[in-house]
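J.: Would you mind keeping the following structure in view while I ask a few things?
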Amino acid sequence: MANEITFNGSIVASSTNFSERIEPGSLSIDLSDLEMSSGVKEVTEATPGTEIVATTSGLASGGMYFFRNLSTTLSVEVGRGPSGSFAPFLMLKPGEYSIGRLASTMPAAVAVFAQTTTTGTAELQFKVFDGT
């Protein structure tokens with residue numbers, strides 16, 4: 001195998017008289033140059049948020065991300081910042097996670113920030129891979 005990220009996904013939704021299952025298969029994404037930024041950061045409601053991945057991280061644009069809200073009580077929003085103001089593109093309720101691809105300007109030209117939606121401190125686990 002080459003340097004790549006493999007992403008497998010499925011969604012199952014059900015309600016009283018409704019059931020839906022989506023299994024789109026797997027994606028293989030080129031891992032540009034084996035760079036990654038990862039860790040756990042404390043996030044608060046303070047404006048403009050907490051910088052998660054800086055533009056100086058050495059990662060190219062459009063990498064793959066994994067974010068997990070480790071809080072059991074607070075929601076966390078993830079977005080771009082700080083120039084202008086914080087602009088969230090993702091909300092994680094307590095215990096939720098998300099996997100996907102960042103926009104082509106992130107994180108090389110625009111830093112990734114996060115902040116809680118209410119007063120308090122939450123921990124956000126993150127991994128951002130340099131992918132093309």
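J.: Is there a residue being among the aromatic types (F, W, Y) and outside any loop (DSSP other than H, G, I, E, B) anywhere in segment 17-34?
T.: Yes, because at least one residue in segment 17-34 is among the aromatic types (F, W, Y) and outside any loop (DSSP other than H, G, I, E, B).
J.: I need the full set of residues from segment 62-71 which are open to solvent by less than 50 Å² (accessible area, probe 1.4 Å) and within 26 Å of L34 (Cβ to Cβ), in order please.
T.: Quick first cut of segment 62-71, residues open to solvent by less than 50 Å² (accessible area, probe 1.4 Å) only: 62-67, 69, 71.
G62, G63, M64, Y65, F66, F67 - these are the residues of segment 62-71 that are open to solvent by less than 50 Å² (accessible area, probe 1.4 Å) and within 26 Å of L34 (Cβ to Cβ).
J.: Another question, then. Looking only at residues in segment 20-34 that are among the acidic types (D, E) and more than 19 Å from the chain's Cα centre (by Cα), which one is most open to solvent (accessible area, probe 1.4 Å)?
T.: Within segment 20-34, the match that is most open to solvent (accessible area, probe 1.4 Å) is E23.
J.: Another question, if that's okay. Which one of these is over 23 Å from F7 (Cβ atoms) and either among the small types (G, A, S) or touching a residue at least 24 places away in the same chain (Cβ under 8 Å) (or both): P107, P82?
T.: P82
J.: I've got another one for you. Sort out which residues of segment 59-71 are out of contact with any Phe, Trp or Tyr (no Cβ under 6 Å at 6 or more places or on another chain) and either on the phi < 0 side of the Ramachandran plot or assigned to a strand (DSSP E or B) (or both), and write them in order of number.
T.: L59, A60, S61, Y65, F66, N69, L70, S71
J.: Kindly indicate whether any position in segment 74-90 is closer than 21 Å to M36 by Cβ, among the basic types (K, R), at pLDDT below 90 and out of contact with any Cys (no Cβ under 7 Å at 6 or more places or on another chain).
T.: Within segment 74-90, one or more residues are closer than 21 Å to M36 by Cβ, among the basic types (K, R), at pLDDT below 90 and out of contact with any Cys (no Cβ under 7 Å at 6 or more places or on another chain).
J.: Let me ask another. Determine whether segment 58-68 contains at least one residue that is modelled with pLDDT of 85 or more, farther than 29 Å from I11 by Cα and among the hydroxyl-bearing types (S, T, Y).
T.: So far as segment 58-68 goes, no, none of its residues is modelled with pLDDT of 85 or more, farther than 29 Å from I11 by Cα and among the hydroxyl-bearing types (S, T, Y).
J.: Out of segment 35-53, which residues are under 18 Å from the mean Cα position of the chain (by Cα) and modelled with pLDDT under 85? Steps first, answer last, please.
T.: At the first step, the residues of segment 35-53 found to be under 18 Å from the mean Cα position of the chain (by Cα) are 35-45, 48-53.
Result: E35, M36, P48.
J.: Continuing with this model, one more query. In segment 43-61, how many residues are open to solvent by 50 Å² or more (accessible area, probe 1.4 Å) and of a type in the set (S, T, Y)?
T.: Number of matching residues: 3.
J.: Residues that are closer than 25 Å to A109 by Cα, open to solvent by 70 Å² or more (accessible area, probe 1.4 Å) and touching a Lys or Arg at 6+ places or on another chain (Cβ under 9 Å): does segment 5-19 have at least one?
T.: no
The values are calculated or read from the model by the stated rules, or taken from the named source; none is laboratory data. All of these numbers come straight from a predicted model, not from anything done at the bench. All Cβ positions, glycine included, derive from the backbone under ideal geometry; neighbour counts span all protein chains shown. Accessible surface areas use protein heavy atoms only, side chains included; no ligands, DNA or RNA. Shrake-Rupley method; radii C 1.70, N 1.55, O 1.52, S 1.80 Å.
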